[in-house]
Amino acid sequence: MCLREIADENDSFFVTEEGGQVNDANLSERFYCVKQINRREKHFKRHFISSFRRAFLILKKEKPDVIITTGALAAYPFCLIGKLMRKKVIYIETFARVNGKSLTGKLVYPFADLFLIQWEEMLKCYPKAVYVGGIF
């Protein structure tokens, strides 16, 4: 099943980082781009704080029941604010992580309702995770 089929069968919206490779026209009419967050950039703190405001406004407007994400640091504000709003958070650790945790994974793991990993070896890093194999 592709993302478009899932979107068609559910009330959904999508958020991605600016400059991403996702074709918004094929996913949903409700599509948001957020600034990519680079923790090594000069104005990281300012951008990171403003990303929480943007996430809050999007979540307040859309009122999702569940947040499903594959990460990137831009996803963290959505997960944290969503959790504070009593939404379910499902995190999918990136397929690129085979032996070590991603920064976003480290941050979301303590409060995710469901934490999925795509490599069995990652159970050493995330013992409460659910191994599902490759999903992309």
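Computed over the chain, the per-residue total of -39500 (n - 2.57) for DSSP H runs of n ≥ 4 gives a 222 nm mean residue ellipticity of -9000 deg cm²/dmol, rounded to 500. A straight Cα-to-Cα reach below 18 Å connects Lys87 with the lysines Lys60, Lys61, Lys63, residues fewer than 8 places away in its own chain not being considered.
Rg/Rh, computed from the Cα trace of the chain with Rh as the Kirkwood radius, has the value 0.95. Shown here are the Rg and Dmax of the Cα trace of the stretch 30-93, at 11.6, 35 Å. Charged side chains reduced to their Cβ positions (Lys and Arg at +1, Asp and Glu at -1) give the chain a dipole of some 980 debye around its Cα centre.
Counting neighbouring Cβ atoms within 10 Å and putting the fewest first, the residues Thr94, Thr104 line up as Thr94, Thr104.
Quick note: the coordinates plus some simple rules give every number you see, no bench work behind them. Being a predicted model, the structure only gives us computed values, none of them experimental. A quick note on method: Cβ atoms are made from the backbone with ideal geometry, for glycine too, and the neighbour counts reach across all protein chains shown.
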